[in-house]
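The values are calculated or read from the model by the stated rules, or taken from the named source; none is laboratory data. All values derive from a computational prediction rather than experimental measurement. Quick reminder, even Gly has a Cβ in these numbers, built from the backbone with ideal geometry, and neighbours come from all protein chains shown. Surface areas here come from the heavy atoms of the whole protein model, side chains and all, with no ligands, DNA or RNA. Shrake-Rupley method; radii C 1.70, N 1.55, O 1.52, S 1.80 Å.
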Amino acid sequence: MTAASRLGVGMVGHAFMGAAHSQAWRTAGRFFDLPLEPDLAVLCGRDAGRAAEAAARWGWRESVTDWKDLLDRGDVDLVDICTPGDTHAEIAIAALEAGKHVLCEKPLANTVAEARAMADAAARAQARGVRSTVGFNYRRVPAVALARQLVADGRIGEVRHVRGTYLQDWIVDPEFPLVWRLQRDRAGSGALGDIGAHVVDLAQFVTGDLLTGVSGLTETFVRERPLPAASPSQGGDTAATGSQQGDTAEMPESRGLSASGGTGRGTVDVDDAALFLGRFAGGGLASFEATRFATGRKNALRLEVNGSLGSLAFDFEAMNELSFFDGTEDAATAGFRRILVTEPGHPYAGSWWPPGHGLGYEHTFTHEVADLVRDLAAGTDPVPSFADGLQVQLVLDAVERSAARGSAWEEIGS
Ligand code: SOE
């Protein structure tokens, strides 16, 4: 691999997202003809032993414990941020200013102020040819990319309704511990920022339109939980177990919580669920739901778009399918048809398996890094940008402001 043909990657964090990104960096060059070969140079985690274990498991050449080490390395061209949201701004801004491209997991940040600082740093870096993107990976589901194409081609006409839900149930058990995702100072918010960010980005991506105002309602059903058992690493550093439960909580005493080692209880200061209405610039109306208490729903990211000429419906739990209703067809035979999005001509699908064999969650990350590598080689700006991530953060912030004001209508700032 010559220096000119490689893209040196340094990844910070190695929990669930670190595992997904590692799989993507390892796989992208084998299924997509990329102009640059990703080189998994170095993984960073705060606990040396667990970082070394993760580096060996996921295929990284070495591991370090200080993310700042990545900024001085000549073999790192891009910093991939897979840590909890409270560290995104510091790491991304420093990496951009050090001349490293950045892939940052979603949500971009925990606050609008942080997101704006990141977007400003990205704009300054872009002027120097240093590029950045935020990891809204569901845009890269073939069925979602097809839905966006159909809307853009006018196949459903004017968008009237968007119905977006993201339903999970992994904390329904009140004894599930107070992990970092349930701590405002680490995660910024609860279901709203974690999975609400995805459904907002998805709705705006598929419709090609932006929300201009929202009215929101949030709830925390379980207001205190057991403190997590002390663990040798802190939140966001553990090797993935392939589920949210794999993100162990950070050491309780590191947050001023009692160092009970899992015997005490702590207050949940984030939302368990958020419901909100929205209006799009083009006049369409939207309803959204992001919850971790939809008992029985594991990762049900769903979007339905109703237009003046037809409708589209997507459910991530059947991610290789897109339902399409063509309202221009003869009413006698019209109906929602199931498009199996696995044909060679469908987005991304031609790089994988024969029709009907299907893709999974991991492939969305492979598509994400494949598109990113192509952009970096071509000198074009990857999407979604940090500015796109800021816009999602503005929506989330407006939902929280609305919920705090009795669901009063809140305009989306800029
Ligand atoms: C929530 O637990 C979560 O891990 C999100 O953080 C991811 O973005 C989503 O892809 C799966 O669920």
Would you pick out the residues in the range 130-157 that are more than 16 Å from the ligand (Cβ to nearest atom), open to solvent by less than 30 Å² (accessible area, probe 1.4 Å) and either under 30 Å from ALA98 (Cβ atoms) or not in a helix (DSSP H, G or I) (or both)? VAL130, SER132, ILE156, GLY157
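The rows are residues; the columns are (1) out of contact with any Asp or Glu (no Cβ under 8 Å at 6 or more places or on another chain); (2) among the aliphatic types (A, V, I, L, M); (3) touching a residue at least 24 places away in the same chain (Cβ under 8 Å); (4) farther than 22 Å from ILE195 by Cα.
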residue	(1), (2), (3), (4)
ALA121	no, yes, yes, yes
TYR138	no, no, yes, no
VAL144	yes, yes, yes, no
ALA147	yes, yes, yes, no
ILE156	yes, yes, yes, yes
GLN168	yes, no, yes, no
ASP173	yes, no, no, no
In the range 172-193, which residues are open to solvent by 20 Å² or more (accessible area, probe 1.4 Å) and touching a strand residue (DSSP E or B) at 6+ places or on another chain (Cβ under 9 Å)? PRO174, GLU175, PHE176, PRO177
Please work out which residue is farthest from THR366 (Cα to Cα), limiting yourself to the range 13-31 and to residues that are away from the ligand (no atom under 16 Å from the Cβ) and crowded, with 19+ Cβ neighbours inside 10 Å. GLY29
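If I go through the range 99-128 residue by residue, how many of them are under 18 Å from VAL373 (Cα atoms), in a loop (DSSP other than H, G, I, E, B) and either among the acidic types (Asp, Glu) or open to solvent by 30 Å² or more (accessible area, probe 1.4 Å) (or both)?
Qualifying residue count, the range 99-128: 2.
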For GLU105, only one of the following conditions fails: (1) of a type in the set (Asp, Glu); (2) over 16 Å from SER385 (Cβ atoms); (3) within 16 Å of the ligand (Cβ to nearest atom). What is its number? (2)
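Quick grid of which residues meet (1) at pLDDT below 95; (2) farther than 21 Å from PHE316 by Cα; (3) not assigned by TED's automatic domain parsing to the domain that holds GLY350:
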{"site": "GLN149", "(1), (2), (3)": "no, no, no"}
{"site": "ARG155", "(1), (2), (3)": "no, yes, no"}
{"site": "TRP170", "(1), (2), (3)": "no, no, no"}
{"site": "PRO174", "(1), (2), (3)": "no, yes, no"}
{"site": "HIS198", "(1), (2), (3)": "no, no, no"}
{"site": "PHE205", "(1), (2), (3)": "no, no, no"}
{"site": "GLU219", "(1), (2), (3)": "no, yes, no"}
{"site": "ASP237", "(1), (2), (3)": "yes, yes, no"}
{"site": "GLN244", "(1), (2), (3)": "yes, no, no"}
Go through (1) outside any strand (DSSP E or B); (2) more than 17 Å from PHE16 (Cβ to Cβ); (3) in the same structural domain as MET319 (by TED's automatic domain parsing) for VAL162 and report which single condition fails. (1)
Return the residues of the range 270-327 that are open to solvent by less than 10 Å² (accessible area, probe 1.4 Å) and farther than 27 Å from GLY188 by Cβ; say none if nothing qualifies. GLY284, VAL305, GLY310, LEU312, LEU322, PHE324
Within the range 158-171, is there a residue that is more than 18 Å from the chain's Cα centre (by Cα), surrounded by 17 or more Cβ atoms within 10 Å (Cβ to Cβ) and within 14 Å of the ligand (Cβ to nearest atom)? yes
Could you run through the range 353-376 and say how many residues are acidic (Asp, Glu) and either out of contact with any Lys or Arg (no Cβ under 8 Å at 6 or more places or on another chain) or on the phi > 0 side of the Ramachandran plot (or both)? 1
